[in-house]
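Bear in mind these aren't lab numbers, they're just calculated from the coordinates by the rules spelled out. Just so you know, these numbers come straight off a predicted model, no measurement behind them. Quick reminder, even Gly has a Cβ in these numbers, built from the backbone with ideal geometry, and neighbours come from all protein chains shown.
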Amino acid sequence: MMAPTLKPHPKVAAGEGPLGIMLPGLGAVATTFIAGVMAIRRNLAKPIGSLTQLQTIRLGARSENRSPRIREFLPLADLEDLRFAAWDLHGENALQVARRSRVLESSMIDTLAPALERITPYKAVFSNEYVRMLKGDHVKQGTNKRELAEALRADIRDFKQREGLSRVVVLWTGSTEVFRKPSEVHRSVSAFEAAMDKSDPEISPAMLYAWAAIKEGCPYANGAPNLALETPALTQLAIDEGVPIAGKDFKTGQTLIKTVLAPMLKIRMLGLTGWFSTNILGNRDGEVLLDPDSFKTKEESKLDVLKTILQPDMYPDLYKDIHHMVRINYYPPRGDAKEGWDNIDLFGWMGYPMQLKVNFLARDSILAAPLVLDLVLLLDLARRSGLSGAQDWLSFYFKTPQSSQTGVPAEDDAFIQHRALKNMMRWIGGEKPLTHMDFDS
Ligand SMILES: NC(=O)c1ccc[n+]([C@@H]2O[C@H](COP(=O)([O-])OP(=O)(O)OC[C@H]3O[C@@H](n4cnc5c(N)ncnc54)[C@H](O)[C@@H]3O)[C@@H](O)[C@H]2O)c1
């Protein structure tokens, strides 16, 4: 059998000038990310949690001793060259939001205050039908949804012109919208655009941001579980416009643990009867998830991973009847400091039961911020490398990764995702993938 041939390495265009980042949703995650980059630039903090900034990448055989940092190996944008903008339905600037979100210490916020204060959001495209728990006074008006999306495109052009940018990446850090399934209006680009003209209720604000960004040639990522990029219309539009996209829903806390522990059970052929996950959290994200329809969007995103990793159809003796439950409880005293409990009922040799408990005292936005940074830098690199459509290699960052192949589910196992991510980086950088076989060890 012949070894599969690798596609020729891409020519990576140079990243001219600064890189713009636009965030629909200037909340806890967005401001923690922006403040973090500002603090790192001033040497007040380290980019903990960011692969692009801290992780090394082995190149060639182990004996070659080549393991540069990812940021030394790939031509990524420099943190000094990032510029920020956002949209929100509240007119508060990033300083006010950072103070209210109570994620970062006040002394750090005070140090960064003048720079944070300068970031004021553009008016949002917002609908209460999609996020019921919030009310906004900083919202665009238009005669139909096409006009609203065109106004978002104008904002992107305004930001580019204001900051002298040739490249912008857009990443959704807005609230979780209510649960929606794809319908006829999402079937094709023409159906989607006709539905925008008619202000069809199936077209959400999140979809309008994605449409506007892709039309402006901006790579787009979705940090929340809302339906948007994975619709056939928006995926096709991204391919037509030569734009890379990635989603959805940052993999930060409990799902990260799940996609690390479930592979452990599977590689040792240990069985599972149940997995009960519960959380308390008290930030605004938690408040939005009080609406059962927004919670359903989140729940669907969290539930799928066990099935795709454990493959009950292939291993019925081990995984056919798993009781998988996920609960999120809004509990204001905790703010952004989420606490999660996992109870895992597993079984071993001859079916003897065992239990595993995980208690994670996490910090939501602290876990999410480095993912925003990596995604922005890698999507910009993908665009300069000529990649378009759904980027499977970025699955590592998401709870519900989008596959580029219809009918083929994306990979959920964190270890496989990580290997795929690194191999794709090697390919972009002109190096051979690592198979971890004797040939390349
Ligand atoms: N932090 C994590 O660990 C994590 C993990 C996975 C996903 N997420 C998702 O990331 C998103 C952001 O989380 P957060 O903690 O920053 O929430 P947040 O409530 O602090 O911020 C969300 C912001 O989005 C704004 N918004 C809502 N709809 C908008 C619209 N149509 N246009 C513009 N702005 C809009 C809200 O006004 C709010 O300021 C949420 O959807 C959350 O579910 C977070």
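See the values below:
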{"quantity": "Whole-Å distance, taken between Cα centres, linking the range 15-35 and the range 261-307", "calculated": "27"}
{"quantity": "Three-way shape call for the chain based on the alpha-carbon gyration tensor, with the a/c threshold at 1.5", "calculated": "rounded"}
{"quantity": "Two-site FRET efficiency, F276 against L54, from Cβ-Cβ distance with R₀ of 45 Å, rounded to 0.05", "calculated": "0.85"}
{"quantity": "Given K251/K296; K266/K298; K248/K298; K123/K160, the pairs whose alpha carbons are separated by over 21 Å", "calculated": "K266/K298"}
{"quantity": "Relative contact order for the range 254-361, counting Cα pairs under 8 Å that sit 6 or more residues apart, in percent", "calculated": "41"}
{"quantity": "Separation between Cα centres of the range 309-362 and the range 56-118, rounded to whole Å", "calculated": "32"}
{"quantity": "Ranked packing of 89-101, 39-51, most packed first, by mean Cβ within 10 Å", "calculated": "89-101, 39-51"}
{"quantity": "Estimated 222 nm signal from helices in the chain, with DSSP H stretches of n ≥ 4 weighted -39500 (n - 2.57), rounded to 500", "calculated": "-11500 deg cm²/dmol"}
{"quantity": "Among 220-229, 286-295, 312-321, 199-208, the order from most to least packed when residues are scored by Cβ within 10 Å on average", "calculated": "220-229, 199-208, 286-295, 312-321"}
{"quantity": "Within straight-line cross-link reach of K11, lysines at Cα separation under 23 Å, skipping those fewer than 8 residues along the same chain", "calculated": "K422, K432"}
{"quantity": "³J(HN,Hα), Karplus 6.51/-1.76/1.60, whole Hz, each residue of the range 15-22, x for Gly, Pro", "calculated": "x, 6, x, x, 10, x, 10, 10"}
{"quantity": "Placed amide H near W87: partners under 5 Å, 5+ positions off or other chain", "calculated": "L23, G25, L26, Y122"}
{"quantity": "Around K198: net Lys/Arg minus Asp/Glu count, Cβ-Cβ under 14 Å", "calculated": "-4"}
{"quantity": "Pairwise Cα inverse-distance average, inverted: Kirkwood Rh of the range 254-361 (Å)", "calculated": "14.7"}
{"quantity": "Relative contact order for the chain, counting Cα pairs under 8 Å that sit 6 or more residues apart, in percent", "calculated": "20"}
{"quantity": "Cβ-based net charge around E241, under 11 Å, with every Lys or Arg adding one and every Asp or Glu removing one", "calculated": "0"}
{"quantity": "Taking the range 56-169 and dividing mean pair separation by its residue count, relative contact order in percent (alpha carbons under 8 Å, at least six apart)", "calculated": "22"}
{"quantity": "Charge sum, other residues only, whose C-beta stays under 12 Å from V168's C-beta, Lys/Arg counted +1 and Asp/Glu -1", "calculated": "+2"}
